[in-house]
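Q: Please read through the structure below; I'll follow up with questions.
What follows is calculated from the coordinates using simple rules that are stated; it is not laboratory data. Just so we're clear, the structure is a prediction, and the values are computed from it rather than from any experiment. Positions of Cβ are generated from backbone atoms using ideal geometry, with glycine treated the same way; all protein chains shown enter the neighbour counts.
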Amino acid sequence: MEDAFFGHFLLSINREISEDGPTLWVRPSSDDKVLMGINPNFWTTELKKKNFRMGCIKHEVLHVVFKHLTRAQERSGGRRRYPNAKLFNIAADLVVNQYVESRWLIDGAVKLQSFPDLNLRKEMDVSYYYDKLDDFYKDQMDNLPQEAQSSSDLGESDGNGTGKCPNCGKEIGESGDESGGGSGDSEDEESGDESGGGSGDSEDEES
Ligand SMILES: [Zn+2]
């Protein structure tokens, strides 16, 4: 059974339970290893079904197997090979989702069929999908299909946490390049009793 492979692989990956991202993600850790992040709320509330849990884990492991974290930073001729991080994420998701059983994929997962106009070939490498997407969408990023809008679970190593989230399809801030100063900090959560992280250690029973 193929899952032995993933189980074995998983043992070598460190995990973090965190709300840094909305779903699951992988990112490089400071010691050059890979960290898999899991948002506990997403896991317990939206990924109740075992199928989807397996699918999400496998999705992330496959990003590691295909070395998508390092490939994202690839350079050629002194420039980034994949300057459009969003398209890279979509391309990488197209690669890995082909190897995840379709009943394990959550609704928002991007698939080759999400891009009927592009006539994408199967089982190609991330560079192929990136180039096809880039040709088609570079001047019209807003026209990406809905399931592709939120795709990004590959941690960027260049600092800011924007776009670090998941395949598994939650929305995250658009990569508005406001690398300037004080954007961002105002997330006024009225510390009400929204299901946020607020009140310490609540006991939401999770079976
Ligand atoms: Zn992904």
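Q: Taking Cα pairs under 8 Å and at least six residues apart, what relative contact order does region 3-149 come out at, in percent?
A: After rounding, I find 18 percent.
Q: Could you work out the equivalent-ellipsoid semi-axes for region 3-149, taking the square root of 5 times each eigenvalue of the Cα gyration tensor, largest first, in whole Å?
A: Equivalent ellipsoid semi-axes, largest first: 25, 19, 14 Å.
Q: How large is ³J(HN,Hα), in whole Hz, for each residue of region 110-126 in order, when computed from phi with the Karplus curve 6.51 cos²θ - 1.76 cosθ + 1.60 and θ = phi - 60°, using x for Gly and Pro?
A: Going residue by residue, I get 7, 9, 4, 5, 6, 10, x, 6, 9, 6, 6, 7, 7, 6, 9, 9, 4 Hz, with x marking Gly and Pro.
Q: Provide the gained length on full extension for the span Lys138 to Asp117, in nm with one decimal, where the gain is 0.36 nm per separating residue minus the Cα-Cα distance.
A: Values: separation 21, 0.36 × 21 = 7.56 nm, distance 1.47 nm.
Gain on stretching Lys138 to Asp117: 6.1 nm.
Q: Grab the Cα-Cα distance for Phe9 and Asp131, subtract it from 0.36 nm times how many residues apart they are, and report the gain in nm with one decimal.
A: 41.0 nm
Q: Amide H neighbours of Glu16 under 5 Å, counting only residues 5+ apart in sequence or on other chains, H built in-plane at 1.01 Å?
A: Hits under the 5 Å cutoff: Met36, Gly37, Ile38.
Q: Something else: How big is the dipole moment of region 3-149 about its Cα centre under a simple scheme where the beta carbon of each Lys and Arg is +1, that of each Asp and Glu is -1, and everything else is neutral? Debye, nearest 20, please. Each step should come with its number before you reach the end.
A: Values: 21 positive and 21 negative charges, 60 e Å.
Here the size comes out at about 280 debye.
Q: Would you mind checking the pairs Lys33/Lys138; Lys48/Lys138; Lys48/Lys111; Lys33/Lys132; Lys50/Lys111 and listing those with alpha carbons more than 27 angstrom apart?
A: Too far apart for the 27 Å limit: Lys33/Lys138; Lys48/Lys138; Lys33/Lys132.
Q: Taking amide H positions as placed in the peptide plane 1.01 Å from N, state which residues far from Gly155 in sequence (5 or more) or on other chains have amide H under 5 Å from it.
A: Val26, Arg27
Q: Now for a separate question. Which ³J(HN,Hα) values in Hz, rounded to whole numbers, follow from the phi angles of region 76-86 under the Karplus curve 6.51 cos²θ - 1.76 cosθ + 1.60, where θ = phi - 60° and Gly and Pro get x?
A: Working through the residues one at a time gives 9, x, x, 10, 5, 5, 10, x, 8, 4, 5 Hz.
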